[in-house]
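Undergrad: One structure is given below, represented as structure tokens, and several questions about it will come after.
Every number in this text was worked out from the coordinates using simple rules, so none of it is lab data. Predicted model, so just to flag it, every value in this text is computed and none were measured. Every residue, glycine among them, receives a Cβ derived from its backbone with ideal geometry; neighbour counts consider all protein chains shown.
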Amino acid sequence: MKLFISFLIIAELIISCSQNNSSGNKNMVRTIVKEPASKLWIGTWERRQWSSGATLKIAGIKSDSIVFSLQALNGAHGGEVEGVAIVKNNVALFYNSNENDTCLLEFKLVGDSSIIIEQKKGICYAGMGVTYDGQYKNSKILPEEKDETLLTLGLFKTEKEDSLFRSLVGDKYDVFVYSTQSTTEEEDLDSLNAKVYTSGVTGLYTLLENIIIMDSLNNVWTAVLDDKKVYYFTNSNEYKTRVPKTIDKWRDRFKEYPVIYK
């Protein structure tokens, strides 16, 4: 408790000094004057990112502090932190320390439209790969969320490619979307002169993964995991009853899953 109280005093001095533009005597003692936090902080703020979003809720203010809760995701991993952050003008600092973690978060209020969070120290009680950094927009001004597609996620460059793929995979299209978070370009082992992309969800590999192979003529070889089965699709007659070497290599970690030819 003494450490936390000491930090509050130090934090106010840091904010006060960093925002003071005067070049007066460095040895001058500054008087700390507490000012009530602006009500503009109050509300719900969102960092919208596919499979790695976050939500900041500021329920109210207490004198020169904001009362907040913060949740973030990275695939199946999550993180949550809540507490009180002291405010000086448009900057708030939260600090908490225990034997497992030391968490220091900085919040910057930008008008009434956004808050920028910088995770300055610690993992802040978050799972693997989860961070709180980023710009959070006021939920009141955010548009209604639309369904993601493989086009909006960047797997395809044109609506034509996306439409062709939809018609090929049918009702498994959404499974491809939900299993696309982290994407890597891989080698074309079959010399198909095609681009190869594998995707998966953090914390859910071997459960939510897919592979998409497409050439410049819109020939497609693709597979997705769903309920411990590999659903395979192609519009290439040569590969209707066998998977390319590239997809067979992709299956190395779950060879026991049966291949369903569609």
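Undergrad: Name the residues in the range 103-125 that are under 20 Å from HIS77 (Cβ atoms) and out of contact with any Asp or Glu (no Cβ under 8 Å at 6 or more places or on another chain), would you?
TA: Those that are under 20 Å from HIS77 (Cβ atoms) and out of contact with any Asp or Glu (no Cβ under 8 Å at 6 or more places or on another chain): CYS103, LYS121.
Undergrad: Please state which one of ASP226, ASP190 is over 18 Å from GLY75 (Cβ atoms) and touching a helix residue (DSSP H, G or I) at 6+ places or on another chain (Cβ under 6 Å).
TA: None of the others qualify; the one that does is ASP190.
Undergrad: A further question on this structure: Please specify each residue of the range 185-213 satisfying the condition of being outside any strand (DSSP E or B) and of a type in the set (Ser, Thr, Tyr).
TA: Within the range 185-213, SER191, THR202, TYR205, THR206 qualify.
Undergrad: Quick check, is LYS228 in contact (Cβ under 8 Å) with a residue 60 or more places away in the chain and surrounded by fewer than 21 Cβ atoms within 10 Å (Cβ to Cβ)?
TA: No, not satisfied.
Undergrad: Of all residues in the range 214-224, how many are more than 19 Å from GLN181 (Cβ to Cβ) and either among the polar types (S, T, N, Q) or in a strand (DSSP E or B) (or both)?
TA: 7
Undergrad: For the range 36-80, which fully contained strands (runs of 3 or more DSSP E) count at least 1 residues that are within 21 Å of THR180 (Cα to Cα), in contact (Cβ under 8 Å) with a residue 12 or more places away in the chain and out of contact with any Asp or Glu (no Cβ under 8 Å at 6 or more places or on another chain)?
TA: Answer list for the range 36-80: 43-47, 65-74.
Undergrad: Could you give me the residue pairs with C-beta distances under 8 Å whose first residue belongs to the range 246-262 and is of a type in the set (D, E, K, R), whose second residue is in a helix (DSSP H, G or I) wherever it lies, and which are 6+ apart or on separate chains?
TA: Hits for this filter: LYS262/VAL169; LYS262/GLY170; LYS262/LYS172.
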